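Beneath this line is the structure, given in structure tokens, with notes to follow.
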Amino acid sequence: MLIREATAADWPHIWPFWHRIVAAGETYAWDPDTPEADARSLWMNPAKRVYVAEDGTGTGSTVVASAYLTPNYGGGAARIANAGFMVDPDRAGRGTGRALAEYVLDAARADGYRAMVFNAVVETNPAVRLWTSLGFTVLGTVPDAFDHPRHGRVGLHIMHRAL
Ligand SMILES: CC(C)(COP(=O)(O)OP(=O)(O)OC[C@H]1O[C@@H](n2cnc3c(N)ncnc32)[C@H](O)[C@@H]1OP(=O)(O)O)[C@@H](O)C(=O)NCCC(=O)NCCS
């Protein structure tokens, strides 16, 4: 698997799984009906570094995941990073999310970030276990914040890891 910075040409390959994940309404606090143009502005925002993971080589390669890295705050706190991760649900559970997260943590460190914060991790998301195994801790939980389509009202964790 190759992990590299994304280009504008990658967006049409990211959008199908981006849409599937957000439309499911289980993991991101974004409108499940987010139109494609808004999704592109949100994810491929020039203020963010965007990465993709590719399976295969050359013309036979497929974009299977994407991540972004951006400052979580401004001014004196601009060295605290935020990141987001999406793996194509058809390719989940094969180590892609872990590899991409390790890559982005290294990239954040190389860019001079001192820590990474996730602002809204749905507490029922299996990703909580992944983030914990990568050294993140739950700083606190916004109770009853997220209407989950299967679990009802659940909390949103704020998670942190020093770099
Ligand atoms: C969370 C996500 C990025 C993980 O990517 P992935 O490629 O499926 O994860 P990996 O195969 O690298 O697995 C990482 C670990 O998480 C655990 N895990 C991931 N998804 C899981 C699931 N659905 N159920 C149980 N465990 C899961 C695995 O046990 C694994 O642990 P291991 O490395 O010790 O075996 C991916 O499932 C995804 O895009 N989910 C939807 C969007 C999302 O939730 N993003 C994160 C928002 S905070």
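Provide a single number: the residues in the range 124-160 that are of a type in the set (Ser, Thr, Tyr) and part of a strand (DSSP E or B).
Let us first name the residues in the range 124-160 that are of a type in the set (Ser, Thr, Tyr), namely 124, 132-133, 137, 141.
Pick out the ones that are also part of a strand (DSSP E or B) and you get 137, 141.
Within the range 124-160, residues that are of a type in the set (Ser, Thr, Tyr) and part of a strand (DSSP E or B) number 2.
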- Task: Within the range 94-110, work out how many residues are within 12 Å of the ligand (Cβ to nearest atom) and either modelled with pLDDT under 95 or in a helix (DSSP H, G or I) (or both).
- Result: 9
- Query: Within the range 30-52, can one find any residue that is assigned to a helix (DSSP H, G or I), surrounded by 16 or more Cβ atoms within 10 Å (Cβ to Cβ) and among the small types (Gly, Ala, Ser)?
  - Reply: yes
- Among (1) in contact with a Lys or Arg (Cβ under 7 Å, 6 or more places away or on another chain); (2) near the ligand (Cβ under 10 Å from one of its atoms); (3) not aliphatic (A, V, I, L, M) - the single one PRO126 does not satisfy: (1)
- Item | When residues of the range 18-29 are limited to those that are part of a helix (DSSP H, G or I) and hydrophobic (A, V, I, L, M, F, W, C), the one nearest to the ligand (Cβ to nearest atom) | ILE21
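In this structure, is THR124 modelled with pLDDT of 95 or more, farther than 22 Å from LEU163 by Cβ and of a type in the set (Ser, Thr, Tyr)?
On the way: modelled with pLDDT of 95 or more: yes; farther than 22 Å from LEU163 by Cβ: yes; of a type in the set (Ser, Thr, Tyr): yes.
Yes; evaluated as a whole, the condition is true for this residue.
Just checking, does the range 71-82 include any residue being closer than 16 Å to VAL52 by Cβ and among the small types (Gly, Ala, Ser)? Write out each step before concluding.
Let us first name the residues in the range 71-82 that are closer than 16 Å to VAL52 by Cβ, namely none.
The answer is no; no qualifying residue exists.
Determine, yes or no, whether TYR113 is modelled with pLDDT of 95 or more and surrounded by fewer than 18 Cβ atoms within 10 Å (Cβ to Cβ). So that I can check it myself, show each step before the final result.
Details: modelled with pLDDT of 95 or more: yes; surrounded by fewer than 18 Cβ atoms within 10 Å (Cβ to Cβ): no.
Here the answer is no, as TYR113 does not meet what is asked.
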- Could you figure out which of (1) closer than 22 Å to ALA115 by Cβ; (2) crowded, with 18+ Cβ neighbours inside 10 Å isn't true of ASP88? (1)
- Task: Report yes if some residue within the range 58-79 is surrounded by fewer than 17 Cβ atoms within 10 Å (Cβ to Cβ), within 10 Å of the ligand (Cβ to nearest atom) and in a helix (DSSP H, G or I); otherwise report no.
- Result: no
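Could you tell me whether ASP144 is acidic (Asp, Glu) and either in contact with a Pro (Cβ under 6 Å, 6 or more places away or on another chain) or on the phi > 0 side of the Ramachandran plot (or both)?
Values: acidic (Asp, Glu): yes; either in contact with a Pro (Cβ under 6 Å, 6 or more places away or on another chain) or on the phi > 0 side of the Ramachandran plot (or both): yes.
Spelling it out, ASP144 is indeed acidic (Asp, Glu) and either in contact with a Pro (Cβ under 6 Å, 6 or more places away or on another chain) or on the phi > 0 side of the Ramachandran plot (or both).
The values are calculated or read from the model by the stated rules, or taken from the named source; none is laboratory data. All values derive from a computational prediction rather than experimental measurement. Cβ: placed from backbone, ideal geometry, glycine included. Neighbour counts: every protein chain shown.
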